[in-house]
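**Student:** Have a look at this one.
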Amino acid sequence: NPEPEAHDEL
Amino acid sequence: MNIFRLAGDMTHLASVLVLLLKIHTIKSCAGISLKTQELYALVFASRYLDIFTHYVSFYNTVMKLIFLGSAFSIVWYIRRHKLVRRSYDKDHDTFRHYFIVLPCLILALLIHEKFTFRVVMWTFSLYLEAVAILPQLVLLQRTRNIDNLTGQYVFLLGAYRALYILNWVYRYFTEPHYVHWITWISGLIQTLLYADFFYYYFQSWKNNVKLELPA
């Protein structure tokens, strides 16, 4: 899973 | 970025513009809940803590700045602008912040993906955004006359959330390992809160009568 820090949504 | 995500962001942007139009041009915030606006300012402040440290894209950074700037300027307008504050319906906007903020903070401390300040604040912002519309919905229910711009503002906010759900469904099927339970469940709850409003919004639109929520 991608890290939440790297989350790309707004 | 897929079409649902873009449409969701644009709908969100449109909702902010509609609200700013009402406040800045008409100099009125009648029917707008200051509580909800303050909660949104808190949502964006806690979610975009990484705005200058984690670069995603130019688009993301610009949108974050717009949402932060607009949220705080709307709160400023309602609290401080001498014309706008006069139209604020203080007596009906009685929802208590801590009934919403405190449970969200506790939940974020208990349920998160990683126990770091950044991630807990980010999770807190998701929980808080899910319920931040409640004071606004309560105010709408108490307001006999919901004007067009206020109705459209709330409708656009709800549409933005619904489009984000479509975006998640799309991404789930097109991207590997795309699973975000916390985001999805809070987003789903957030969208469901609008169900009642949507129903009466479409009824008023279909029958061409003024929007009014039953008490």
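**Student:** Quick check on the range B:8-106: take the gyration tensor over C-alpha atoms, sort the square-rooted eigenvalues as a ≥ b ≥ c, and tell me if it's rounded (a/c under 1.5), prolate or oblate.
**Tutor:** Working: a/c = 2.37, a/b = 1.33, b/c = 1.78.
Verdict is oblate for the range B:8-106.
**Student:** While we're looking at this one, here's another question. Using a Gaussian network model of chain B whose springs link C-alpha atoms within less than 10 Å, name the residue from B:Leu156, B:Leu20, B:Leu110 with the highest mean-square fluctuation.
**Tutor:** B:Leu110
**Student:** Viscosity 0.692 mPa s, temperature 37 °C: Stokes-Einstein D of chain B from its Kirkwood Cα radius, in µm² per second? Walk me through the numbers on the way to the answer.
**Tutor:** Details: Rh = 18.0 Å.
Taking Rh from Cα pairs, D becomes 182 µm²/s.
**Student:** Let me ask you something else. Loop sites only, by DSSP: take the chymotrypsin sites (Phe, Trp or Tyr not before Pro) in chain B that have at most 15 other C-beta atoms within 10 Å and name the longest stretch containing none of them. Write out the running numbers ahead of the final one.
**Tutor:** Numbers: sites that count: B:Phe52, B:Tyr55, B:Phe115, B:Tyr178.
With chymotrypsin sites (Phe, Trp or Tyr not before Pro) excluded where exposed in loops, chain B gives B:116-177 as its longest stretch.
**Student:** Something else: Karplus couplings for the range B:200-207 from phi (6.51 cos²θ - 1.76 cosθ + 1.60, θ = phi - 60°), rounded to Hz, Gly and Pro as x?
**Tutor:** So the Karplus estimates, Gly and Pro as x, are 6, 5, 5, 4, 5, 5, 5, 8 Hz.
**Student:** Here is a further query. Just the Kirkwood number for the range B:1-50, please: inverse of mean 1/r across all distinct Cα pairs, in Å, one decimal.
**Tutor:** Numbers: mean 1/r = 0.0797 Å⁻¹.
Final number for the Kirkwood radius of the range B:1-50 is 12.5 Å.
**Student:** Averaging over all projection directions, find the projected area of the Cα convex hull of the range B:59-151 and quote it in nm² with one decimal place. Display every interim value, and only then the final one.
**Tutor:** Values: hull surface 32.0 nm².
Its Cα hull, projected and averaged over all orientations, spans 8.0 nm².
**Student:** Could you give the distance between the Cα centres of the range B:171-200 and the range B:1-51, to the whole Å?
**Tutor:** A separation of 18 Å, based on Cα centres.
**Student:** Just to confirm my numbers, what's the Cα centroid distance between the range B:57-104 and the range B:105-131 in Å?
**Tutor:** The distance from the Cα centre of the range B:57-104 to that of the range B:105-131 comes to 20 Å.
**Student:** Another one. Evaluate the protein assembly as shown: find the radius of gyration of its Cα atoms, find its Kirkwood radius, and give the ratio Rg to Rh.
**Tutor:** Working: Rg = 17.4 Å, Rh = 18.2 Å.
My calculation of the ratio gives 0.96.
**Student:** Please report, in cubic angstrom per residue, the volume enclosed by the convex hull of the alpha-carbon atoms of the range B:150-215.
**Tutor:** Values: hull volume 5.7 nm³, N = 66.
Dividing the Cα hull volume of the range B:150-215 by its residues yields 87 Å³.
**Student:** Could you give me the ³J(HN,Hα) list for the range B:152-167, computed from phi with Karplus coefficients 6.51, -1.76, 1.60 and θ = phi - 60°, whole Hz, x at Gly and Pro?
**Tutor:** 5, 4, 5, 4, 5, 4, x, 5, 4, 5, 4, 5, 5, 5, 4, 4
**Student:** Let me ask something else. Give me log10 I(q)/I(0) at q = 0.19, 0.22, 0.27 Å⁻¹ for the range B:60-107, Debye formula, one equal scatterer per alpha-carbon, no solvent.
**Tutor:** The Debye formula, applied to the Cα set alone, gives -0.86, -0.92, -0.93.
**Student:** Hey, another quick one. State, as an integer percentage, the relative contact order of chain B based on alpha-carbon contacts under 8 Å between residues 6 or more apart.
**Tutor:** Values: 239 pairs, mean separation 67.4, N = 215.
Once normalised by length, the contact order is 31 percent.
**Student:** I would also like to ask the following. Output ³J(HN,Hα) for the range B:132-139: one whole-Hz value per residue in order, computed from phi by the Karplus curve 6.51 cos²θ - 1.76 cosθ + 1.60 with θ = phi - 60°, and x for Gly and Pro.
**Tutor:** Result, ordered by residue: 4, 7, 3, x, 5, 5, 5, 5 Hz.
Laboratory data are not the source of any read-out in this text; all were calculated from the coordinates shown. Here the structure is a predicted model, which means the values were calculated and not measured. FYI the Cβ positions are ideal-geometry reconstructions off the backbone, even for glycines, and counts take in every protein chain you see.
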